[in-house]
Amino acid sequence: MKHLIRLLACAALAAAPLTASAQTATTYVPPKLAARGATAMAPGGDGSVTVQVLVKKDGSSQVIKVIKSSNAGDNAIALDIAKNSKYTPATRNGEKVDAYYDYLLNFGQQAAAAPGTAGTASALAAIRAGNYPDAESQLKAYLQTHPDDANANTLLGVADVFSGDYAGATGAFDKSGTVPDQYKLLAVQAYEKQARAALDAKDVPGAIALATRAIALNPQSLQGYYVRGNAYILQPDNTSAIADLQKAHAIAVAAKGDDKELATIAFSLAIAQLDAGQYGEAATTEREVSRVDGSLATQFDKNAYVAVANAGITLANQGKIAESVSRFESGASAFPASAADFYAQAATVMATDKKPDYDKITTEAEKATALDPKSGRANYILGIAAANKKDPKGALDYMTKAKASPAYGSDPALAKQIDDALGKLNSASKAQTPAGGTQY
């Protein structure tokens, strides 16, 4: 009977896969030039002027100041053009918001040669007029004979961004080499958008490469770090995922991001910490999620249970009993809601050892029943321990409790183990010798 009952505790342990949910962080689209304004003024000579314009969410605008100029004689005409121009407001998560637009105006030779060449001047004019399809057509035709023209590739990237073709934009910016400062925000937007699309398509290497490019252009790219962190979760590379998501969270905090955004980032960070076995850190991170978003908190609780169970079961199947028990106990300490089940799992793993210590198994299982007296698995393991400690009455009592537990009706595998154990215990009871021994 002893050896037969011991085998009951050695049932195969199967790990369930853990899937991390990649949530979408804040999406920001900067203001755009809708139409260049007319002016009766004449340029003061060759030069470039950058004018800061406040584009309001209602579509109106206010010229603020000249923030950069290579020829002060062009400042007046630049301000006049900016004042008469039309703009498209910025959006954040689809909602129009007030934002600043840095309007670069070129005059004289600069207008024809910078930032493009004479061969791309017409396309540049089309971009400034908001005619992006025409600009794309011209630039693609030009690049057929000048494929290495950095300026043309840059302008094609710009036109593609305004057209919403982020795949085309990133390809063009890749070919352009160094992106000029005035176009970096657009390039970052393109790489962030395309990285997100790659992540959604489970193209992990692509998402990492695109997000890395966004970060290179803007070291404070929240989306870049967030997307790359989630991609690292799927790779998996939990050390890199944690580093990136912590950076994304720090950027969001510094930018005074809203609670929903912070909770979304914290959720992904907590998942990475779970996968790395950092249960205490994950539980701390999860508190921020719970404070803001109950649905995410519920999802995290499910992921936490699966992550701890996967890790503990995997270690047990590898024969690493002590490490498995330690993982379950760490999970119980970090996640009290699942503690009873984790202690019961730890006791189950201990019973699979080659030389089980049934006193220690009993102590571990009793941690579970102290939290949940109706724990089916804990009572089952206590029955196994009692039987192996020559306490058939206690074993029968525990197995009867296990059969009366909710788990008996919801876990067919456990129910079969309980029924088999009860059958063997009843058979052994009938086969007792007059001296009280048990026939094996």
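The values are calculated or read from the model by the stated rules, or taken from the named source; none is laboratory data. Here the structure is a predicted model, which is why all the values come from computation and not from measurement. Don't worry about glycine lacking a Cβ; one is built from the backbone with ideal geometry, like all the others, and counts go over all protein chains shown. Areas reflect the complete protein model, heavy atoms only, side chains present, ligands, DNA and RNA absent. Shrake-Rupley method; radii C 1.70, N 1.55, O 1.52, S 1.80 Å.
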Take the residues of the range 376-397 that are open to solvent by 10 Å² or more (accessible area, probe 1.4 Å) and under 25 Å from R327 (Cβ atoms): which is modelled with the lowest pLDDT?
N388
Selection within the range 236-250 - buried (at least 19 other Cβ atoms within 10 Å of the Cβ) and among the aliphatic types (A, V, I, L, M):
A241, I242, L245, A248
Does T212 qualify as being at negative phi, open to solvent by 60 Å² or more (accessible area, probe 1.4 Å), hydroxyl-bearing (S, T, Y) and in a helix (DSSP H, G or I)?
no
Quickly run through the range 307-324 and pick out the residues that are open to solvent by 40 Å² or more (accessible area, probe 1.4 Å) and either touching a strand residue (DSSP E or B) at 6+ places or on another chain (Cβ under 8 Å) or among the hydrophobic types (A, V, I, L, M, F, W, C) (or both).
A322
Strands (runs of 3 or more DSSP E) (entirely within the range 1-70) containing at least 1 residues that are modelled with pLDDT of 90 or more and either of a type outside the set (V, I, T) or over 27 Å from I313 (Cβ atoms) (or both)
47-55, 61-69
List the pairs whose first member sits in the range 52-74 and is among the basic types (K, R), whose second member is open to solvent by less than 80 Å² (accessible area, probe 1.4 Å) and in a loop (DSSP other than H, G, I, E, B), and whose Cβ atoms are under 8 Å apart, counting only residues at least 6 apart or on separate chains?
K56/P89; K57/P89
Test result for T348, within 25 Å of G277 (Cα to Cα) and either assigned to a loop (DSSP other than H, G, I, E, B) or aliphatic (A, V, I, L, M) (or both)
no
Are there any pairs with C-beta distances below 7 angstrom linking a residue in the range 413-440 that is within 22 Å of Y380 (Cα to Cα) to a residue that is of a type in the set (D, E, K, R) and modelled with pLDDT of 70 or more, with the two at least 6 apart or on different chains, and if so which?
L414/R377; I418/K403; L422/K403
Residues located in the range 276-328, provided they are among the hydroxyl-bearing types (S, T, Y) and out of contact with any Gly (no Cβ under 7 Å at 6 or more places or on another chain):
T284, T285, S290, S295, T298, Y305, T314, S326
Quick check: anything in the range 221-242 of a type outside the set (S, T, N, Q), over 28 Å from A276 (Cα atoms) and modelled with pLDDT of 95 or more?
no
What residue, of K360, K367, is within 21 Å of I321 (Cα to Cα), touching a helix residue (DSSP H, G or I) at 6+ places or on another chain (Cβ under 6 Å), open to solvent by 70 Å² or more (accessible area, probe 1.4 Å) and at pLDDT 90 or above?
K367
Going through the range 141-161 in order, the residues found to be under 15 Å from K184 (Cβ atoms) and surrounded by fewer than 19 Cβ atoms within 10 Å (Cβ to Cβ) are A150
Which numbered condition G319 misses (of (1) free of Cβ contacts under 8 Å to residues at least 24 places away in the same chain; (2) farther than 26 Å from Y279 by Cβ)
(2)
Condition set modelled with pLDDT under 70 and hydrophobic (A, V, I, L, M, F, W, C), scope the range 408-440, selection least open to solvent (accessible area, probe 1.4 Å): answer is A431
